[in-house]
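Only one structure is covered here, and it is reproduced in the block below.
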Amino acid sequence: MASIKDVAAEAGVSVATVSRVLNDHPSVSEDARTRVLAAVETLGYRPNAVARSLRTDQTHTLGLVISDVLNPYFTELARSVEEEARALGYSVIIGNADERPDLQDHHVRTLLDRRIDGLLVSPTDGGSPLMLDAVRAGTPMVFVDRWIPGMDVPVVRADGQSAVRDLVAHLHGLGHRRLAIIAGPAATTTGRERVEAFREALGAYGLELPDAYIGQGDFQAESGRLVTEGFLDLAEPPEVVFAADNLMALGALDAVRARGLRVPDDLALAAFDDIRWFVHTDPPITAIAQPTGELGRAAVRALVDRIEGRPGESVTLPARLVVRRSCGENSTPVQRSTT
């Protein structure tokens, strides 16, 4: 493998000149720069990234801690983060928190120990002393999708409130009046926000969200199944179940089918976080889609801004309702009273 001394000999310059060229120092003449770059290409020289990071105090590496790598939403988010980071000259190390605060902090601590240049996090709960300490110590950080209230960190997220209002208007127009929700963890901002958005949207039509129609899930499929079973056991089951994420929606679908029932004939189903699978279910599931790829790219740009000394700004992008057939869209609207 070629060394920096080999490059210097090939180019007919000093090792110091090669170093200045590789670090883009302005004091090098164009002739010397051209010869050094030609030598690098000829010899196939690759600088030692670890050694260079010790000199520049940068590793050109970002950390990404996501809530659940098995959730297709976060898988797509991670992919867009990696693509944008690579385009900007950064590598990404990913940690999967598996919706566990302790595992989240383990990954954050490990990434900080590896001297990453900045950190992207989708928090699993509403507080982390470790991340607060990291921010206070000057670690560039950006929250994506979820955030920790009160922490001075840019947030890149989708605004789902308008889409939830569109969903409720859609369901109301189909004649549905008894609407239930499978909520995400109350410790997460998205878990709380989606319940409140749903409650407010129902209120606009004079509809209530009784406690019996709020099922506590954990953004995992099994919780969606268990909550839906509870809804079906009620003396007056809901007509629609709105799952606050895609995995809980799939669990809800399993619960309906396990009882020999059908969506939407016996229970309508809608979901937050559209995924590609939803067009292949029977029936295809009506869902709220987040601009996942755009979120990932915007989060990387905000983080790189902070790393490079520019103000990284929070970004809020719109979500949208995708209407399919899981709520009775192909049926004649049910005629009911408006109360």
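Results, tabulated for the structure shown:
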read-out: Any chance ARG306 is under 26 Å from ALA158 (Cβ atoms), open to solvent by 40 Å² or more (accessible area, probe 1.4 Å), in contact (Cβ under 8 Å) with a residue 60 or more places away in the chain and in contact with a helix residue (DSSP H, G or I) (Cβ under 8 Å, 6 or more places away or on another chain); value: no
read-out: Subset tally (residues that are under 15 Å from VAL156 (Cβ atoms) and open to solvent by less than 10 Å² (accessible area, probe 1.4 Å)) for region 83-110; value: 1
read-out: Residues (of a type in the set (D, E, K, R) and modelled with pLDDT of 95 or more) located in region 150-184; value: ARG157, ARG165, ASP166, ARG177, ARG178
read-out: Qualifying residue in region 281-302 (condition: farther than 22 Å from GLU82 by Cβ and in a helix (DSSP H, G or I)); value: no
read-out: Counted residues, region 67-82 - those being in a helix (DSSP H, G or I) and farther than 17 Å from VAL156 by Cα; value: 1
read-out: Cross-chain or 6+ apart pairs with Cβ under 7 Å, region 309-337 first and closer than 17 Å to LEU171 by Cα, then acidic (Asp, Glu) and modelled with pLDDT of 90 or more; value: LEU321/ASP166; VAL322/ASP274; VAL323/GLU329
read-out: Any pair with Cβ under 6 angstrom, 6 or more apart, that starts in region 107-136 at a residue that is farther than 16 Å from ASN96 by Cα and ends at one that is open to solvent by 30 Å² or more (accessible area, probe 1.4 Å) and assigned to a loop (DSSP other than H, G, I, E, B); value: ARG115/THR59; ASP117/GLN58; ASP117/THR59; GLY126/ALA187
read-out: Residue in region 75-82 that is of a type in the set (Asp, Glu) and open to solvent by 30 Å² or more (accessible area, probe 1.4 Å) present; value: yes
read-out: Matching residues in region 226-239 - criterion: being surrounded by fewer than 21 Cβ atoms within 10 Å (Cβ to Cβ), of a type outside the set (A, V, I, L, M, F, W, C) and in a helix (DSSP H, G or I); value: GLU229, GLY230
read-out: Of all residues in region 154-199 being in a loop (DSSP other than H, G, I, E, B) and farther than 30 Å from ALA299 by Cα, the one that is most open to solvent (accessible area, probe 1.4 Å); value: ARG178
read-out: Flag if LEU64 is open to solvent by less than 30 Å² (accessible area, probe 1.4 Å), in a strand (DSSP E or B) and modelled with pLDDT of 95 or more; value: yes
read-out: Qualifying residue in region 112-128 (condition: open to solvent by less than 10 Å² (accessible area, probe 1.4 Å), closer than 25 Å to GLN216 by Cβ and of a type in the set (Gly, Ala, Ser)); value: yes
read-out: Any chance PRO311 is touching a helix residue (DSSP H, G or I) at 6+ places or on another chain (Cβ under 6 Å) and surrounded by fewer than 22 Cβ atoms within 10 Å (Cβ to Cβ); value: no
read-out: Identity of the residue in region 268-295, among the charged types (D, E, K, R) and farther than 15 Å from VAL256 by Cα, that ends up modelled with the lowest pLDDT; value: ARG276
read-out: Residues being closer than 29 Å to ILE288 by Cβ and outside any strand (DSSP E or B) - total across region 87-107; value: 9
read-out: Whichever residue in region 109-148 is assigned to a helix (DSSP H, G or I) and out of contact with any strand residue (DSSP E or B) (no Cβ under 8 Å at 6 or more places or on another chain) and, among such residues, is nearest to ASP305 (Cα to Cα); value: ARG136
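Matching residues to (1) open to solvent by 10 Å² or more (accessible area, probe 1.4 Å); (2) under 14 Å from the mean Cα position of the chain (by Cα):
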| position | (1), (2) |
| --- | --- |
| LEU261 | yes, no |
| ASP265 | yes, no |
| HIS280 | yes, no |
| PRO291 | yes, yes |
| LEU295 | no, yes |
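The values are calculated or read from the model by the stated rules, or taken from the named source; none is laboratory data. Predicted model, so just to flag it, every value in this text is computed and none were measured. Cβ: placed from backbone, ideal geometry, glycine included. Neighbour counts: every protein chain shown. Each accessible area value is taken on the protein alone, full model and side chains, heavy atoms only, with ligands, DNA and RNA left out. Shrake-Rupley method; radii C 1.70, N 1.55, O 1.52, S 1.80 Å.
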